[in-house]
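The values are calculated or read from the model by the stated rules, or taken from the named source; none is laboratory data. Quick caveat, the model's predicted, so the values are computed rather than measured. Every residue, glycine as well, gets a Cβ built from its backbone with ideal geometry; the counts of neighbours run over all protein chains shown. Note: accessible area is taken over every heavy atom of the protein model, side chains too, but ligands, DNA and RNA are not part of it. Shrake-Rupley method; radii C 1.70, N 1.55, O 1.52, S 1.80 Å.
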Amino acid sequence: MCVRQAGIKNNNHQKSTLMKTIYTLIALAMMLGSSLAAQAQSRRITGVIRDAQTGQPLPGASVVAKGQLTGTTTDAEGKFALTVNQKNSLTLAISMVGHEQQSMTVPTTDGPVEVRLKIATSQLQEVIVGASRVEESLLRAPVTVEKMDSRLIRETPSATFYEGLNNLKGVDMVTSGLTYKQLNTRGFASTGNSRFLQLIDGVDNQPAGFGFSVGNMFGLSDLDAESAELVSGAASALYGPQAFNGALLMTSKDPFKYQGLSVQAKVGVNHLGDPNTNAALYNDHAIRYAKAFGNKFAFKLNASYMTGLDWFATDYTDVNQTTAPELRGAKNPACNGLNIYGDEVVRTLPGAGQVSRTGYEERVLTDYNVYSLKLNGAFHYRITPKIEAIYALN
């Protein structure tokens with residue numbers, strides 16, 4: 001009797017395992033079928049965006065498929081390519097700073113489309129989302145906001161977009177080297193602005209233990225920077241006491257909107273005519289790849305590498321405050337050179353007066369070759385059209 005019951009239980013267990021296997025195979029078949037159906041319904045839309053007045057191509061224009069949550073931007077020739085999961089006709093929303101937004105219905109027939117954007121009659125109604133946390137125009141913003149969009153980032157004459165922020169109104173920049181530049185507003189000029197807030201996609205990039213943001217040392221590369229909004233006045237009402245001296249809101253490129261492979265190379269020369277060294281090369285290279293899978297999942301990868309020879313600190317001015325100004329200089333036995341280390345301590349010897357050690361020049365102690373390596377990866381998942389989960393590693 002016991003043996004028979006055990007056999008029945010074993011038979012039931014086998015049936016249960018078989019049914020689970022069948023259900024799993026059915027679910028996999030349904031998922032595969034839906035995936036194939038989505039691929040069958042997908043279509044690729046290509047076209048070019050031009051200026052309505054001049055006919056010139058518009059690089060950096062935004063192209064979004066309404067109802068698809070998928071978009072892209074035009075390349076240097078104004079061309080775009082967009083893949084959507086919809087076979088029938090759909091509507092594209094095309095926009096660009098300085099031009100009027102336009103909607104265009106794309107028919108089911110294949111072939112490139114051409115859109116001509118008109119120049120906006122007024123550029124004072126540009127929408128700001130990040131700086132004041134609500135969508136409003138620049139004229140109605142409760143604070144003064146200076147914005148650097150993707151086109152200005154691409155066309156900045158500075159070595160990096162972060163250095164180009166120095167050209168905005170009300171901004172000063174303390175340059176401590178090729179890899180470290182500190183923004184200052186409201187007249188505060190120091191190498192560490194502890195009351196100036198920097199956010200990247202809403203996340204504070206202040207290093208732990210420093211108490212202030214170290215410029216763009218751990219920030220965005222030029223290829224992945226979409227915009228930068230600067231609040232030059234006090235922004236404590238919006239972001240707390242950390243933004244007493246202002247706030248900088250940097251936004252990276254959305255992989256749903258900016259897809260494909262991008263490569264950038266910058267080469268320059270510095271130390272021309274420098275008596276301390278020969279001319280040196282400055283190299284800044286970056287690569288970015290982004291891909292979206294439908295309207296739900298997307299990822300991006302970024303890598304940038306900069307190398308160069310930093311400036312030499314060769315100011316040997318005597319800053320010894322205990323010596324009369326007319327007696328200071330290289331012949332001063334108690335000379336305290338600005339970029340000389342080890343000569344700070346001054347002693348008074350009987351019969352000889354004040355003396356100090358010779359010290360060491362900074363260029364003997366320091367290697368001025370610098371580099372900066374930035375790596376970034378991010379996965380984006382859209383839970384709903386207005387809620388997005390992001391996992392990023394920097």
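Per the Kirkwood definition applied to all pairs of different Cα atoms, how many angstroms is the hydrodynamic radius of segment 152-227? If you can, show how the numbers build up before the last one.
On the way: mean 1/r = 0.0774 Å⁻¹.
Radius from the Kirkwood sum: 12.9 Å.
Solvent-accessible surface of protein heavy atoms, probed at 1.4 angstrom with all chains present, puts 148, 173 in the order 173, 148, largest first. Of the residues 100, 362, ranked by 1.4 Å probe accessible area with the largest first, the sequence reads 100, 362. For segment 230-348, the solvent-accessible area works out to 51 Å² per residue, with a probe of 1.4 Å and every protein chain left in place. FRET efficiency for the residue 118 to residue 289 pair, using the beta carbon distance and R₀ = 41 Å, is estimated at 0.75.
Mind checking segment 229-262 for chymotrypsin sites (Phe, Trp or Tyr not before Pro) that DSSP puts in a loop (not H, G, I, E or B) and that have at most 14 other Cβ atoms within 10 Å?
none
Grab every C-alpha pair in segment 237-379, bin the distances at 5 angstrom width from 0 up to the longest one, and report whole percents. P(r) over segment 237-379, rounded to whole percents: 2, 8, 11, 9, 9, 9, 10, 10, 9, 7, 5, 4, 3, 2, 1, 0, 0, 0.
Computed from label points 7 Å out along Cα-Cβ, the spacing between residue 44 and residue 151 is 2.8 nm. Note on segment 250-321: semi-axes of the ellipsoid equivalent to its C-alpha gyration tensor, largest first and rounded to whole Å, are 43, 16, 7.
Taking a 19 Å limit on the Cα-Cα distance, which of the listed pairs 257/296; 79/147; 147/374; 300/374; 169/374 fall beyond it? Too far apart for the 19 Å limit: 79/147; 147/374; 169/374.
Over segment 174-283, the pair-distance histogram of Cα-Cα distances with 10 Å bins from zero comes to 12, 36, 28, 20, 3, 0 percent, rounded to whole numbers. Annotation for segment 309-340 versus segment 219-255: alpha-carbon center distance of 40 Å.
Note down the accessible area of residue 118, probe 1.4 Å, to the nearest 10 Å². The accessible area comes out at roughly 130 Å².
Measuring against 31 Å, Cα to Cα, the residue pairs 181/331; 266/291; 118/266 contain 181/331; 118/266 as the ones spanning a longer distance. For residue 315 and residue 52, the FRET efficiency from 1/(1 + (r/R0)^6), where r spans their Cβ atoms and R0 equals 51 Å, is about 0.40.
With all projection directions averaged, the alpha carbon convex hull of segment 308-356 covers 3.9 nm². Spread over its residues, the convex hull of the C-alpha atoms of segment 319-394 is 186 Å³ per residue. Element breakdown for segment 166-253 at a 1.4 angstrom probe: carbon and sulfur atoms account for 55% of the accessible area.
Taking the Cα centre of segment 250-352 as the origin, how large is its charge dipole in debye, to the nearest 20, when only Lys and Arg (+1) and Asp and Glu (-1) carry charge on their Cβ atoms? Please list the in-between numbers first.
Values: 10 positive and 9 negative charges, 194 e Å.
I would put it at about 940 debye.
In what sequence, largest accessible area first, do 116, 288 appear using a 1.4 Å probe? Let's see the in-between values first.
Details: 116 105, 288 5 Å².
The ordering from most to least exposed comes out as 116, 288.
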